[in-house]
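J.: The following block contains the structure, expressed as structure tokens.
The values are calculated or read from the model by the stated rules, or taken from the named source; none is laboratory data. Values in this document were obtained by computation on a predicted structure and should not be read as measured data. When we count neighbours, we look across all protein chains shown, and the Cβ atoms used for this are built from the backbone with ideal geometry, even at glycine.
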Amino acid sequence: MLQIGNTLVSLDLAERFFCCDLDKCLGQCCIEGDAGAPITEAEFKKLEEIVPALKPELLPAAVKVIEEDGVGYTDEEGDLVTSIIDGKNCVFTCYAAGGKCLCAIERAYREGRCDFRKPISCYLYPLRLTEYPAFTAVNYHRWKICRSAEQNGKELRIRLYQFMKEPLIERFGQEWYDELAEACEAYLAEQK
Ligand code: SF4
């Protein structure tokens, strides 16, 4: 573990290579799993606000779920998460040619149709944060659907902490990220 401020960061961020390869994985992280993506109360409200801008590209089944049950729900573990259809697909998933999954929220953000990029838990994926009273744990959620990203990262020599630079800066700030990058480089130099 690397201690950066009041966070404990898994060594996976330094040791593992990672770079998403959407053509290979087809963005399965939007549709696999048995619950929606974790969201905060503020994000829940924001999603309610931007739904009208997203509706044209959402699946009819997703629109129905949102209209009947809302943009999110509390899952079995007591966490607030985005609503899902068919027991696994996030309602905010839209599809590109070849069955590639895209995030309708991020697409609208990039096209200037809304001012919210996506929930921070999605932006940070495949990293998962766990909040404890005294610190925040930052871990890599290693899952078979991302194997192509590990392979791609190896070929491109991009480590997980490097690939996740922007979302980590958004969550923890530039200073924190610079400290993390320094700690990762020092750790990797020690291993040589
Ligand atoms: S996080 Fe995993 S499933 Fe999602 S886009 Fe990246 S490699 Fe694909």
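J.: Can you find, within region 1-31, the residue that is farthest from Lys100 (Cα to Cα) among those that are in contact with a Gly (Cβ under 7 Å, 6 or more places away or on another chain) and modelled with pLDDT of 95 or more?
T.: Residue satisfying both the conditions and the ranking: Phe17.
J.: Loosely packed, with under 14 Cβ neighbours inside 10 Å, within 16 Å of the ligand (Cβ to nearest atom) and at pLDDT below 95: which single residue out of Asp86, Asp34 fits that description? Give the derivation first.
T.: Numbers: Asp86 fails: within 16 Å of the ligand (Cβ to nearest atom).
The conditions single out Asp34.
J.: Regarding Cys94, is this residue surrounded by 20 or more Cβ atoms within 10 Å (Cβ to Cβ) and assigned to a strand (DSSP E or B)?
T.: Working: surrounded by 20 or more Cβ atoms within 10 Å (Cβ to Cβ): yes; assigned to a strand (DSSP E or B): yes.
Answer is yes for this residue.
J.: How do the pairs read when you match residues in region 142-164 that are in the same structural domain as Cys184 (by TED's automatic domain parsing) and on the phi < 0 side of the Ramachandran plot with residues anywhere that are polar (S, T, N, Q) and near the ligand (Cβ under 8 Å from one of its atoms), using Cβ under 7 Å and keeping only pairs 6 or more apart or on different chains?
T.: Correct list of pairs: Ile145/Gln28.
J.: Any chance you could count how many residues in region 13-31 are more than 9 Å from the ligand (Cβ to nearest atom) and either closer than 18 Å to Leu160 by Cα or surrounded by 19 or more Cβ atoms within 10 Å (Cβ to Cβ) (or both)?
T.: Total meeting the criteria: 5.
J.: Still on this model: Look through Glu170, Glu150, Glu166 and report the one residue that is assigned to a helix (DSSP H, G or I) and within 10 Å of the ligand (Cβ to nearest atom). Steps first, answer last, please.
T.: Working: Glu170 fails: within 10 Å of the ligand (Cβ to nearest atom); Glu166 fails: within 10 Å of the ligand (Cβ to nearest atom).
Just one listed residue meets the conditions, Glu150.
J.: State all residues of region 59-76 that are within 19 Å of the chain's Cα centre (by Cα) and either at positive phi or part of a loop (DSSP other than H, G, I, E, B) (or both); if no residue qualifies, say none.
T.: Applying the first criterion (within 19 Å of the chain's Cα centre (by Cα)) to region 59-76 yields 71-75.
Residues satisfying the conditions are Val71, Asp75.
J.: Among the residues of region 118-134 satisfying the criterion of being surrounded by 14 or more Cβ atoms within 10 Å (Cβ to Cβ) and either in a strand (DSSP E or B) or free of Cβ contacts under 8 Å to residues at least 40 places away in the same chain (or both), which is farthest from the ligand (Cβ to nearest atom)?
T.: At the first step, the residues of region 118-134 found to be surrounded by 14 or more Cβ atoms within 10 Å (Cβ to Cβ) are 118-129.
Those still in the list that are either in a strand (DSSP E or B) or free of Cβ contacts under 8 Å to residues at least 40 places away in the same chain (or both) too: 118, 127-129.
Numbers: Lys118: 12, Leu127: 10, Arg128: 11, Leu129: 15 Å.
Per the stated criteria, the residue is Leu129.
J.: I need the full set of residues from region 35-66 which are farther than 26 Å from Phe163 by Cβ and not hydrophobic (A, V, I, L, M, F, W, C), in order please.
T.: Residues satisfying the conditions are Glu41, Lys45, Glu48, Glu49, Pro52, Lys55, Pro56, Glu57, Pro60, Lys64.
J.: Here's something else I'd like to know. Go through region 135-147 and count every residue that is more than 21 Å from Glu170 (Cα to Cα) and more than 15 Å from the ligand (Cβ to nearest atom). Walk me through it before giving the result.
T.: Just the residues of region 135-147 that are more than 21 Å from Glu170 (Cα to Cα), to begin with: 142-147.
Filter once more, so that each one left must be more than 15 Å from the ligand (Cβ to nearest atom): none.
Going through region 135-147 one residue at a time, the tally reaches 0.
J.: Just one of Ala108, Ala186 is out of contact with any His (no Cβ under 9 Å at 6 or more places or on another chain), among the hydrophobic types (A, V, I, L, M, F, W, C) and closer than 25 Å to Leu13 by Cβ; which is it?
T.: Sole residue among the options that is out of contact with any His (no Cβ under 9 Å at 6 or more places or on another chain), among the hydrophobic types (A, V, I, L, M, F, W, C) and closer than 25 Å to Leu13 by Cβ: Ala186.
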